[in-house]
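Contents: one structure, followed by commentary.
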């Protein structure tokens, strides 16, 4: 999608005489030569590795009882090492797609081996323990091979650990202490993403951070915690988006994610504050702050960050509808509420059109 968009822009600029055809062709060739460019072959090869690893594990599990115990252990260890050594051989020969597939097969086989050996020797323990060991092994392999697919698998495993702790273990402020390891999983995943260049995998880490903070609020639903989310999110957003911020250049190197997720954290804090407020006037104050935050997000980052712009529009519209339901809806009834809601949505649409026009006519110099 990005490749098609820049090629379309290049063609337009060539037609307007702003840049030469040879220069645009050279830039597109340089982009296509980057290792991080999308490759359907590499993606399909990685998916093939996942399917083959699943097939091998299912085949072993189906004949598990018929295999002698010592043969089981030796066979599982040999299978894992075969995949890893095969991946190393493939990578040294320049067959990166095959190497990535073998790494995926090795990492998935490692997780399956934990489950099968645990079952064979009747090892006791929480499933989260096995997942953490699996995550650590995936991280080590990711670092050794600098593999982007393994960074993605590590991010998925971090989510699996979080879900296991939430739904299967005793996850509470006084219960399973493993739940407080989740921020460490986030940091490790972000570090692996930056080390391997697996750009899209960073969203797994950022979403995990928001999910963990949301869980923390459900365990301790306090107004001060919600206010902290709002303040920290707002400060982080301004540091990532304001042109005068010393951290803006660093944030831009990470793409749209820092501004978007910090903006989402601030909105999460306001949603939590809504849940804490009981009086109508308190909801009105929080609503006014939410509307103001939405406009600030659109105005500060909307020009360059489509994700923040969309979230700002959604938050602005949602807050207006919520305030309408709390005030006008209780007075006029259902039909009146829908009537007012229709008018509100029309006003929002008009405001969005005006904002989009203003953003589109803003001089390019203001983007820096």
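A single member of 272, 266 is within 28 Å of residue 158 (Cβ to Cβ), modelled with pLDDT of 90 or more and buried (at least 23 other Cβ atoms within 10 Å of the Cβ), and it is 266.
For the residues 91, 117, 60, 73, the requirement of being part of a helix (DSSP H, G or I), modelled with pLDDT under 65 and surrounded by fewer than 20 Cβ atoms within 10 Å (Cβ to Cβ) singles out 60.
All conditions in (1) assigned to a helix (DSSP H, G or I); (2) in contact with a helix residue (DSSP H, G or I) (Cβ under 7 Å, 6 or more places away or on another chain) hold for residue 218, with the sole exception of (2). Against the condition in a helix (DSSP H, G or I), at pLDDT below 80 and crowded, with 16+ Cβ neighbours inside 10 Å, how does residue 99 come out, does it pass? Criteria not met by residue 99.
Table: residues versus (1) surrounded by fewer than 15 Cβ atoms within 10 Å (Cβ to Cβ); (2) assigned by TED's automatic domain parsing to the domain that holds residue 301; (3) out of contact with any strand residue (DSSP E or B) (no Cβ under 8 Å at 6 or more places or on another chain).
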{"site": "195", "(1), (2), (3)": "yes, no, yes"}
{"site": "200", "(1), (2), (3)": "yes, no, yes"}
{"site": "213", "(1), (2), (3)": "no, no, yes"}
{"site": "216", "(1), (2), (3)": "no, no, yes"}
{"site": "249", "(1), (2), (3)": "yes, yes, yes"}
{"site": "254", "(1), (2), (3)": "no, yes, yes"}
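The values are calculated or read from the model by the stated rules, or taken from the named source; none is laboratory data. Keep in mind that what you see is a predicted model, and the values were worked out from it rather than measured. Cβ atoms come from the backbone with ideal geometry, glycine included; neighbour counts cover every protein chain shown.
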